[in-house]
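This report refers to the structure that appears directly beneath it.
The values are calculated or read from the model by the stated rules, or taken from the named source; none is laboratory data. None of these values were measured; they are calculated from a predicted model. Positions of Cβ are generated from backbone atoms using ideal geometry, with glycine treated the same way; all protein chains shown enter the neighbour counts. Accessible surface areas use protein heavy atoms only, side chains included; no ligands, DNA or RNA. Shrake-Rupley method; radii C 1.70, N 1.55, O 1.52, S 1.80 Å.
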Amino acid sequence: MRKLFFLTIFFFFNLFIFSQNTEKYPNFIFILADDQGWNGTSVKMIEDNELSKSDFYETPNIERIASKGIIFSNAYASAPVCAPSRYSIQFGQTPARLKMIRVGMNTDHLDHDTKNSIPKQLKNINPSYKTAHFGKWGMDSTPERVGYDKSDGATKNIDGVFNHKSNKLQWSNNQADDPKKIFSVTKRAIDFIEENNKINMPFFLQISHYAIHSDIMARKNTYKKFRNKKPGKIHNNLGLAAMTFDMDESIGLILDKLEELNLRENTYIIYSSDNGSVPTIIPKKQYNKSYNFPLQRGKWDAFEGGIRVPFIVAGPGINKKKYSSIPISFSDLLPTIIDISGNKKFKSKELDGGSFKNILTGTNNKVKRKTKGLIFHVPYENKIAIERAHSAIIIDSFKLLKYHDNHEISLYDVKNDFSEAKDLSKIYHKGKLLNKKLTKRLEKLLDDYLKKVKAPKWKP
């Protein structure tokens, strides 16, 4: 009788585990490019604007994702450089709150063992979730410590071929059969998909490409393809075009595998970039009319060119191409993924992001966050960029920029003026500042937030 009792318990336990692995729990594949600008693909980021896509690069497989996906026209990386953005993705917090605001800084103050990460929260919902990260990690600690079952380790730019000591090698056109390890990273990702499909396990997979960060590399035939194509007025670099195409080819391999295994209908595919594109390849000329044009400036700045990125989501319930102008950021990814997979709201006092699940399902167009607006904090001087410490806040369509050396303010309507050409804080009407109240309100919200989270302060 006792043996029968334990056999019954064992049977129901296994039945419970099996039931957790059904299609109720979706798969997630997050593909993250490196240094790809908002208009760095052949997908228009704004439906009726030709300048919101590349006039030279070709990305037919990203177009495949977009053909049955939601394109977020106003999506933002959490920082204009890679490491802070990657921390924000995993933990759902702004770099200001994390006090992780630039590449190469000490992160001993961070709790890398926190339970508030994407893989750990997914496993909290369903212990059967399998998680993996392949490609560039770009953070301290390891993917396993953050909660990933499999990874390439604590990889950085140098692991994807980066001659940081040689400016000439970085920006010359180099040939390789596996440029920037694009295809070997993809091979490991496909192996992971196949493994979990065989055992019917839900999974979260992040593929973080080293491309299109320098060194510029592509396959020989890809260079040949673009050498015979007329360059664009905005995008004219042969190497960047070829490397972008090779990365897109690898994305096609992922999509083909999902279709082969009949996983496409139960898999969310998220595509984005860790920050905006480099503004130009040396020399530093025509900086404002850069690879990110019509956006201002580029990587390293909190202007639109540095933080506005391509962002596309396809998956269950999304049957045709749609556009959303609701501002979202990387800190929204964690709560959104948890909301989708567990049908519950992720609660944390220190969470900055909010779920945009309702935008995906078409229920409504709101993202509820405890933090008012999207916050960007660049409190240091950068000799290759704007050279002035600054912070920014975006609420609805308005963006306020504040410089820390003299408290100078700029205000833009980035939905309608994404080139940040018209400073609304300096417009007078009948001798009075027209947007004085709005400017003061946004400045106070920005200052209050930075003070509340004890964000790193500016130092010369």
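For the structure I just gave you, tell me whether Gln90 is under 13 Å from Phe330 (Cβ atoms), at pLDDT 95 or above and of a type outside the set (Val, Ile, Thr). Against the criterion (under 13 Å from Phe330 (Cβ atoms), at pLDDT 95 or above and of a type outside the set (Val, Ile, Thr)), Gln90 qualifies. The residue of the stretch 421-436 that is surrounded by the fewest Cβ atoms within 10 Å (Cβ to Cβ), among those that are among the aliphatic types (A, V, I, L, M) and at pLDDT 90 or above, is Ala421. Checking the stated criteria, Lys285 turns out not to satisfy the condition of being at pLDDT below 95, surrounded by fewer than 18 Cβ atoms within 10 Å (Cβ to Cβ), over 23 Å from the mean Cα position of the chain (by Cα) and within 18 Å of Leu51 (Cα to Cα).
Taking the criterion of being crowded, with 22+ Cβ neighbours inside 10 Å, modelled with pLDDT under 95 and assigned to a loop (DSSP other than H, G, I, E, B), would at least one residue in the stretch 268-276 satisfy it? No: zero hits.
Would you check if Ala132 is modelled with pLDDT of 95 or more, in a loop (DSSP other than H, G, I, E, B), in contact with an Asp or Glu (Cβ under 9 Å, 6 or more places away or on another chain) and small (Gly, Ala, Ser)?
Details: modelled with pLDDT of 95 or more: yes; in a loop (DSSP other than H, G, I, E, B): no; in contact with an Asp or Glu (Cβ under 9 Å, 6 or more places away or on another chain): yes; small (Gly, Ala, Ser): yes.
No.
Please verify whether Ile118 is without any contact (Cβ under 8 Å) to a residue 12 or more places away in the chain, under 24 Å from Asp35 (Cα atoms) and of a type in the set (A, V, I, L, M), treating the condition exactly as stated. No; evaluated as a whole, the condition is false for this residue.
Filtering the stretch 313-339 to residues that are at negative phi and open to solvent by 30 Å² or more (accessible area, probe 1.4 Å) leaves Pro316, Asn319, Lys320, Lys321, Lys322, Tyr323, Ser325, Ile326.
Of all residues in the stretch 448-460 being open to solvent by 40 Å² or more (accessible area, probe 1.4 Å) and in contact (Cβ under 8 Å) with a residue 24 or more places away in the chain, which is nearest to His109 (Cα to Cα)? Don't jump to the end; show me each part of the working.
Pass one, the stretch 448-460, residues open to solvent by 40 Å² or more (accessible area, probe 1.4 Å): 448, 451-452, 454, 457-460.
From what is left, the residues that are in contact (Cβ under 8 Å) with a residue 24 or more places away in the chain are 454, 457-460.
On the way: Lys454: 13, Lys457: 16, Trp458: 18, Lys459: 19, Pro460: 22 Å.
So, considering only residues that are open to solvent by 40 Å² or more (accessible area, probe 1.4 Å) and in contact (Cβ under 8 Å) with a residue 24 or more places away in the chain, the one nearest to His109 (Cα to Cα) is Lys454.
Filtering the stretch 39-72 to residues that are over 19 Å from Gln296 (Cα atoms) and either open to solvent by 10 Å² or more (accessible area, probe 1.4 Å) or polar (S, T, N, Q) (or both) leaves Ser42, Glu47, Asp48, Tyr57, Glu58, Thr59, Pro60, Asn61, Glu63, Arg64, Ser67, Lys68.
Let's see how each residue does on (1) more than 26 Å from the chain's Cα centre (by Cα); (2) open to solvent by less than 30 Å² (accessible area, probe 1.4 Å); (3) farther than 27 Å from Ile101 by Cβ:
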site: Lys168; (1), (2), (3): yes, no, yes
site: Ser172; (1), (2), (3): yes, no, yes
site: Asp177; (1), (2), (3): yes, no, yes
site: Ile182; (1), (2), (3): no, yes, yes
site: Lys187; (1), (2), (3): no, no, yes
site: Gln206; (1), (2), (3): no, yes, no
site: Tyr210; (1), (2), (3): no, yes, no
site: Ala218; (1), (2), (3): no, yes, yes
site: Tyr223; (1), (2), (3): yes, yes, yes
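Inside the stretch 398-420, residues that are under 20 Å from Pro327 (Cα atoms), of a type outside the set (Asp, Glu), in contact (Cβ under 8 Å) with a residue 40 or more places away in the chain and part of a loop (DSSP other than H, G, I, E, B) make up a count of 4.
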